[in-house]
Amino acid sequence: MPRRQGRAWRRRDHPYPAVKRSVLLSSFLEDVNKQRKRLSKSDRLTIVEQALVLLEMNYVHLPLKRAIHAVDPIQRLKLLRARLEETSNAQLPSEMSFHREMQRIFTSARDYHTVYRLPFPFNRKTAYLPFLIEEYFEEGAKDEPKFMVSKLAEGFHHPTFRPGVEVLHWNGAPIRRAIEINGENQPGSNPEARFANGLHSLTIRPLHSTMPPDEEWVVITYRAPDGQIMEHRQRWWVFTHKRGERSSPRFIDPGETKIGMDVKKAAVNEAKKILFAPGVIMEAQKPRGARGTVARFRAVGDGMKAKAVRTRTPEVLRASVIKTRRSREFGYIRIFTFHVKNTARFVREFVRLVETLPSNGLIIDVRNNGGGKINAGERLLQLFTPERIKPELFEMINTPLNLDLCRSLPDDHELAKWRSPLEQAVETGAVYSLGFPLTSEESCNSIGQIYFGPVLLIIDALCYSTTDIFTAGFSDHCIGKLLGVSGNTGAGGAEVWRHEDLRRAMKTNPKSPFRRLPKGVSMNVAFRRSIRVGAVAGGSPLEDLGVVPDVRYHITREDLLNGNRDLLKRAVEILASKRVHKLSADIRYKPDGALMITTASENISRLDLYLNGRPQRSRDVVAGKAAFKVKLPSGREGSRAAHEVMLRGFDGNKLVAALRRKVR
């Protein structure tokens, strides 16, 4: 019989104020039940009617979801409306029952972009257990995952329930089955994504997009360090985010910033930082000049060492130098989110970090990144390839409401370009309009390549939306290998709009069907779907399919306990087998006004020189060196003007590097 030990969670020992003030889930729900009923019959009918408009007229993936998942959220909403119309005010079911049914309907679409979000008091609450459970695999047992406690919140004290113990059961159910059941309540678009999200949200539930747990406590059966089978009983707790905190990521007007993200995953990640890494939040709150420190090399394991690189945005980016036992150095950069305040500043900081990292190879890690601003992801691709980046195309579904929406907006609105394609789709009967990029091709190529070594991208099934788009672009432009700790990415291929964004966009149209949602309820919808542009996968959607890695990797116990030691070792092995290219140039004016360009390179056999986009001459590289002297144009375009110099480097007949410099 498993043995239990006593109380372990002392929330007042946690440094974060909101966590200190946590209340039991049971107490929170009692307070909710005591509050005056907020949703009348009329309110509920309004919510259902607006959900019907949103899903039937704006939801871009509705035909796909009906086909691939055999679901019909429209019919379910119509049935709910019919039942409400026949129910008297006195017989209305509880508000919790209504919210639960609305969430079930939205979840049936299997789309993290398309969500029903709860009102006050749920929208600022997070239910949690003060520990994390993660998956790992043992050598030779790739089909039999195991699960362990990987992190404890500060203030959690227990003699045996600690990081490293193997979790066996959850409330009496085998832990894998418990995760699968939780995953079925998540809107993941494929089995890998549902299971990953079932595990990701097992101990953290943001209540703005998830119903509160049904149970007041859980009983975890685990194998203690001495091999004994023991039980830990843990109550659910709830903490409240202060106003202004990112319990629910805020959206900016889609006309200015295109968003592709999983708001629930973003909220879970934020709660994880609060509970398990409060130092990261405190670091981010420091003045910019005081953030970060440069650490010494620390042992990672198996002959590898890592040294942190100072970053101005520790909650968004983390970088380090990895040194192997053969003294070769590689770069590592983690992108936690693309949901950033300023895209240009984000790109500049990313460029700065990359330029400080070794040129032998670069590991980019986007695991568990739920997305954010689409242009923040797409603008990074140019930094790693000499080829021109083509941003993904986005299509709208052909409905009368979408056409009315585009006609309602002024000609200078970014949606106006979809007006003519939708009119054409009406005539031809096409399901979707023609596609246009949300990120301009000019901005996707405004910087050019800055890193010439091999690059590898680490992905998992929690990569979603903008991160899916970034991964697809990385693959479609043949930038480097994809190393996946899951069988595919999360498969979220769309831009998301809020119901309120659509209502405001059509506020001047008297035919607008949108009405203000009552009592703080809100909804999001996948509005424009993304289409891949590469030669191999071009034309295929990202939604439900995701991106499949080139190399599959299974997380080990050492990865969870020792900073991804085995994962980094595998990534370094892949990079070490790749050919390294380097290219630099010294550009100076000669006394006669000509430009003298001297280059140093590695594994480059030929360089072609372009001036202001025009080819000038070509040189064979000898012993890694080449030089060019270029006479500048005369007149207004002469030596006083700004010029763009481009060097295109070839390894044999393959273009491997493109260096651009502006000179005056």
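The values are calculated or read from the model by the stated rules, or taken from the named source; none is laboratory data. From a predicted model like this one, the values you see are computed outputs, not experimental measurements. Neighbour counts are summed over all protein chains in view; Cβ atoms, including those assigned to glycine, are modelled from backbone coordinates with ideal geometry. Just so you know, the surface numbers come from the protein's heavy atoms only, side chains and all, with ligands and any DNA or RNA stripped out. Shrake-Rupley method; radii C 1.70, N 1.55, O 1.52, S 1.80 Å.
Here are some pairs, K481/K569; K125/K272; K20/K242; K65/K146; which of them have Cα atoms lying more than 21 Å apart in this structure? Pairs exceeding 21 Å: K65/K146.
Taking 7 Å steps out from each Cα toward its Cβ at D411 and E500 produces label points 3.3 nm apart.
The angle separating the long axis of helix 191-200 from the principal Cα axis of greatest extent in the chain is about 70 degrees. Among the trypsin sites (Lys or Arg not before Pro) in the stretch 10-83, those located in a DSSP loop and surrounded by at most 14 other Cβ atoms within 10 Å of their own Cβ are R10, R21, R36, K37, R38.
When both the stretch 557-613 and the stretch 453-510 are represented by their alpha-carbon centers, they are found 27 Å apart. Sorting R177, R565 on solvent-accessible area from highest to lowest, probe radius 1.4 Å, gives R177, R565. Let me make sure I get this right: for the stretch 398-531, a, b and c are the square roots of the gyration tensor eigenvalues over alpha carbons, sorted descending. Under 1.5 in a/c it's rounded, otherwise prolate if a/b > b/c, else oblate. Which is it? Since a/c reaches 1.5 and a/b is larger than b/c, the shape of the stretch 398-531 is classed as prolate. Considering only alpha-carbon pairs that sit under 8 angstrom and 6 or more positions apart, the relative contact order computed for the stretch 1-105 is 24 percent. The Cα-based radius of gyration and maximum Cα-Cα distance (Dmax) for the stretch 307-454 are 19.8, 65 Å. What is the stretch 115-239 by shape, rounded, prolate or oblate, if you read a ≥ b ≥ c off the alpha carbon gyration tensor as root eigenvalues and call it rounded for a/c under 1.5, prolate for a/b larger than b/c, and oblate otherwise? In terms of gyration-tensor shape, oblate. Inter-label distance, R66 to A90: 4.1 nm, where each label sits 7 Å from its Cα along the C-beta direction. Oblate is the label for the stretch 70-125, because the ratio a/c of its alpha-carbon gyration tensor axes (a ≥ b ≥ c) is 1.5 or higher and a/b is not greater than b/c. Taking the C-alpha atoms only, the angle from helix 466-476 to the longest principal axis of the chain is near 40 degrees.
When the Cα positions of F131, V622, A494 are compared along the charge dipole of the chain, V622 comes out farthest toward the positive end, with charges on each C-beta of Lys, Arg, Asp and Glu. Taking only the Cα atoms of the chain, the radius of gyration and Dmax are 27.0, 92 Å. When +1 charges are put on Lys and Arg Cβ atoms and -1 charges on Asp and Glu Cβ atoms, the dipole computed for the chain relative to its Cα centre reaches about 2420 debye. Relative contact order of the stretch 506-624: 11 percent, from C-alpha pairs under 8 Å at least 6 residues apart in sequence. Of Y589, M646, L353, which is farthest towards the positive pole of the chain's charge dipole, taken about the Cα centre with +1 and -1 on the beta-carbons of Lys, Arg and Asp, Glu respectively? Of Y589, M646, L353, it is Y589. Note: relative contact order over the chain, using C-alpha pairs below 8 Å and six or more positions apart, is 13 percent.
Here the extension length gained between E216 and S605 equals 133.3 nm, from 0.36 nm per residue of separation less the Cα-Cα distance. Accessible area of C478 (1.4 Å probe, protein heavy atoms only, ligands and nucleic acids ignored): about 110 Å². Taking the dipole about the Cα centre of the stretch 343-464, with the C-beta of Lys and Arg at +1 and of Asp and Glu at -1, give me whichever of S420, F436, L456 is farthest to the positive side. Ranked along the dipole, the leading option is L456. Spatial offset of the stretch 28-101 relative to the stretch 324-383 amounts to 41 Å, using the alpha carbon center of each. Each principal axis of the Cα cloud of the stretch 508-591 was evaluated for its coordinate range; sorted largest first, these ranges are 63, 62, 31 Å.
Each of M211, M148 has its accessible area taken with a 1.4 Å probe; listed largest first, they run M211, M148. In terms of accessible area, using a 1.4 Å probe and ignoring ligands and nucleic acids, S475, S42 rank largest first as S42, S475.
Helices in the chain, meaning DSSP H runs of at least 4 residues, each add -39500 (n - 2.57). Divided by all residues, the mean residue ellipticity at 222 nm is -7500 deg cm²/dmol. Here the Karplus relation 6.51 cos²θ - 1.76 cosθ + 1.60, evaluated at θ = phi - 60°, turns the backbone of the stretch 172-180 into coupling constants of x, 8, x, 4, 4, 5, 4, 5, 4 Hz, with x for every Gly and Pro. For the chain, leaving out every one of the GluC sites (Glu not before Pro) that falls in a DSSP loop and has at most 15 other Cβ atoms within 10 Å, the longest unbroken run is 388-664.
Converting phi to 3J(HN,Hα) with the Karplus coefficients 6.51, -1.76 and 1.60 and the offset θ = phi - 60°, the stretch 589-606 yields 7, 8, x, 7, x, 7, 9, 10, 10, 10, 10, 10, 8, 9, 6, 10, 9, 8 Hz in sequence order, with x at every glycine or proline. The residues of the stretch 181-237 have, on average, 34 Å² of accessible surface per residue, using a 1.4 Å probe with all protein chains present.
Values of log10 I(q)/I(0) for the stretch 138-182 across q = 0.15, 0.33 Å⁻¹ run -0.49, -1.14, by the Debye formula with one identical scatterer at each alpha carbon and no solvent. Electrostatic bookkeeping for E378 treats Lys and Arg as +1 and Asp and Glu as -1; over the other residues with beta carbon under 11 Å from its beta carbon, the sum is +2.
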